[in-house]
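Q: Sending over a structure as structure tokens; questions will come in a sec.
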Amino acid sequence: MSFTRVVKGGTVVTPERAVRADIGIIGERIVAIEPELDAGGAEVTDATGHFVIPGVLDVHVHLELPFCGTVSADDYRSGTRAGARGGVTTLIDFAIPYAGESLSEAADNWLKRAEGKSLIDYTFHICITRWDEHKDQIAGMVERGFTTFKEFMIYESEGWQSDDRAMFGTLEKMRELGTMLLVHAESSRVLDELIARHHTPELMRQYGARLHALTRPNFIEAEAIQRAVFWSEVTGGQLYIVHMSTAEGTDIIRAAQARGVPVLAETCAQYLVLDDSVFGRPDGHLYACCPQVKKPADSERLWRGLKDGEVSVISTDTCTFTREQKAMWQGDWTRIPMGMPGLETLLPLTYTHGVLGGRLTIEELCRKLSTNPARIMGLYPRKGAIQVGADADLAIIHPTATRVVDPQTMETNADWSPFQGWALAGFARTTMSRGEVIVDDYGVVGREGRGQWLPRRSAGIAAETAPESRQHAGDLRTQRSPVAAGAA
Ligand code: URP
Ligand code: ZN
Ligand code: ZN
């Protein structure tokens with residue numbers, strides 16, 4: 001075979017195992033994985049002494065998001081360069097309709113932001129923010145190639161909040177269409193009450209940014225997850241809980257999956273490696289994200305959920321704000337723009353604290369960062385695994401060499417990082433997207449705008465457990481079909 005590129009000498013993590021192998025590529029696709037390939041006249045990428053892993057899919061990202069009175073600071077140029085440097089080759093952002101906009105107009109807006117700027121491949125979850133207006137537009141969006149939808153149980157002031165009626169109705173539609181609803185699960189009325197009780201000048205002077213954590217106890221997330229799971233159970237609609245941060249939430253997901261509810265859950269790197277002691281720091285307000293980081297026991301439970309299978313995906317919820325933007329808070333925690341940078345550090349954090357920390361094997365890391373997100377979001381087998389026929393999306397990482405996180409040398413527009421000064425292994429020495437080297441020697445070399453929109457036809461557990469993909473299902477549980485709402 002006459003290859004265009006051969007990746008030689010690395011330890012390749014395939015869906016089955018980590019093995020010493022060469023990868024033959026023609027154009028954008030992987031065409032061979034063999035112990036030894038003759039490169040002939042092909043370009044050779046030397047991976048000796050490195051792991052070659054599937055490109056990471058970060059399926060929870062907000063670039064250029066108007067939010068909290070400002071706009072998140074990473075756009076499709078800086079955000080996707082940051083992703084590439086962290087081995088991310090695909091991202092999924094959220095298309096959120098402005099007031100009066102249809103779902104289709106929201107998708108058009110977000111497609112325009114990415115076009116001509118994105119270095120890596122991308123698509124969008126479509127946010128349903130006004131159920132009565134949007135409900136009849138859902139099927140049309142599926143026709144257009146969007147198979148995942150999103151509702152927020154909070155953010156009334158942003159105009160994004162969905163109530164139980166909307167969630168129930170959307171989950172019914174998800175069941176009908178074979179698509180999946182993502183939910184931000186926090187209990188809004190009780191949260192608002194706790195915020196109102198604490199919103200006094202005395203308490204703000206006394207506790208500062210710690211009020212962010214004090215007003216969001218774990219039950220705020222747990223109650224909302226329980227309720228969303230209940231609507232999934234009675235409707236049979238596929239549900240995916242985003243950015244899960246609590247031990248209680250993880251227990252609820254485990255119990256629901258055991259009784260066959262079609263629910264999956266993701267957590268984010270920050271919930272695995274940070275805890276709420278950060279809010280006691282002089283710059284603690286920088287760490288405000290929503291939901292906020294919790295206690296070390298929550299992180300441990302989430303790690304265990306990843307190992308045992310109830311947590312399927314690790315993402316970032318990247319929503320970058322600079323120090324200047326964060327300074328808008330002026331001592332009032334309710335005014336902090338909520339979110340943190342994350343695309344560039346997802347793989348290094350998960351590799352260092354997961355694999356080198358003895359919590360995940362390298363194969364498990366690849367499932368949580370690549371294979372599971374690709375399957376669940378309807379992008380498998382094109383994305384998510386190193387196998388013949390897949391896009392040649394690869395990250396090549398050194399097993400032990402560390403680099404210190406330093407915002408000065410990073411691609412993100414953030415002038416700070418929650419992980420500043422941390423020595424992490426797992427930055428991408430080389431990132432390849434559809435057969436093209438876009439990061440070389442830890443620096444971005446790829447051309448802006450080369451990233452492509454990825455249309456999809458499926459999503460969720462149904463896609464995951466399709467017979468042809470079940471053999472590699474790994475830690476995803478096999479689900480039995482729940483009884484449809486109203487059925488005997
Ligand atoms: O703090 C966060 N996560 N900002 C983005 C919006 C959201 O809830 O995901
Ligand atoms: Zn959210
Ligand atoms: Zn988010």
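Q: Go over the candidates GLY358, GLY443, GLY378, GLY339 one by one and state the one that is touching a helix residue (DSSP H, G or I) at 6+ places or on another chain (Cβ under 6 Å) and either at pLDDT 95 or above or farther than 28 Å from ASN109 by Cβ (or both).
A: None of the others qualify; the one that does is GLY378.
Q: Just one of LEU57, LEU111, LEU65 is under 21 Å from the mean Cα position of the chain (by Cα), under 30 Å from VAL19 (Cβ atoms) and modelled with pLDDT of 95 or more; which is it?
A: Answer to the selection: LEU57.
Q: Out of segment 386-412, which residues are open to solvent by less than 50 Å² (accessible area, probe 1.4 Å), hydrophobic (A, V, I, L, M, F, W, C) and out of contact with any Gly (no Cβ under 7 Å at 6 or more places or on another chain)?
A: If the condition is that a residue be open to solvent by less than 50 Å² (accessible area, probe 1.4 Å), hydrophobic (A, V, I, L, M, F, W, C) and out of contact with any Gly (no Cβ under 7 Å at 6 or more places or on another chain), then ILE386, ALA390, ALA401, MET410 are the ones that fit.
Q: Here's a follow-up. At least 3 residues that are surrounded by 19 or more Cβ atoms within 10 Å (Cβ to Cβ) in each: list the helices (runs of 4 or more DSSP H) lying fully within segment 114-207 that qualify.
A: 138-143, 164-177
Q: Can you tell me which residue among ALA224, ALA297 is assigned to a helix (DSSP H, G or I), of a type in the set (Gly, Ala, Ser) and away from ligand 3 (no atom under 16 Å from the Cβ)?
A: Result of the check over ALA224, ALA297: ALA297.
Q: Failed condition for ALA107, given (1) assigned to a helix (DSSP H, G or I); (2) of a type in the set (Gly, Ala, Ser); (3) buried (at least 24 other Cβ atoms within 10 Å of the Cβ), with all others met?
A: Exception for ALA107: condition (3).
Q: I need a count of the residues in segment 247-256 that are more than 16 Å from ligand 3 (Cβ to nearest atom) and open to solvent by less than 10 Å² (accessible area, probe 1.4 Å).
A: 3
Q: For the subset of segment 233-245 comprising residues that are polar (S, T, N, Q) and either part of a helix (DSSP H, G or I) or more than 16 Å from ligand 3 (Cβ to nearest atom) (or both), which member is surrounded by the fewest Cβ atoms within 10 Å (Cβ to Cβ)?
A: By that ranking, first place goes to THR235.
Q: Tell me which residues, restricted to segment 70-103, are charged (D, E, K, R) and open to solvent by 10 Å² or more (accessible area, probe 1.4 Å).
A: Once the filter is applied, which keeps residues that are charged (D, E, K, R) and open to solvent by 10 Å² or more (accessible area, probe 1.4 Å), segment 70-103 yields ASP75, ARG77, ARG81, ARG85, GLU101.
Q: What number of residues within segment 140-173 satisfy the criterion of being aliphatic (A, V, I, L, M) and more than 29 Å from ARG335 (Cα to Cα)?
A: Number of matching residues: 3.
Q: Residues in segment 225-253 that are in contact with a strand residue (DSSP E or B) (Cβ under 9 Å, 6 or more places away or on another chain) and within 16 Å of ligand 2 (Cβ to nearest atom): how many?
A: Matching residues across segment 225-253 total 10.
Q: Among the residues of segment 17-56, which ones are surrounded by fewer than 12 Cβ atoms within 10 Å (Cβ to Cβ) and touching a residue at least 60 places away in the same chain (Cβ under 8 Å)?
A: ARG17, the sole residue that qualifies.
Q: Please determine whether any residue of segment 413-431 is touching a Gly at 6+ places or on another chain (Cβ under 8 Å) and assigned to a strand (DSSP E or B).
A: The answer is yes, given that some residue of segment 413-431 is touching a Gly at 6+ places or on another chain (Cβ under 8 Å) and assigned to a strand (DSSP E or B).
Q: Right, something else. For segment 139-164, which residues satisfy the criterion of being in contact (Cβ under 8 Å) with a residue 40 or more places away in the chain and more than 23 Å from PRO337 (Cβ to Cβ)?
A: ARG144, GLY145, PHE146, THR147, THR148, ASP164
The values are calculated or read from the model by the stated rules, or taken from the named source; none is laboratory data. The model shown is predicted, which means the values in this text are computed figures rather than measured ones. Using ideal geometry, Cβ is built from the backbone for each residue, glycine included, and neighbour counts are taken over all protein chains shown. Just the protein is used for accessible areas: all its heavy atoms, side chains included, with ligands, DNA and RNA removed. Shrake-Rupley method; radii C 1.70, N 1.55, O 1.52, S 1.80 Å.
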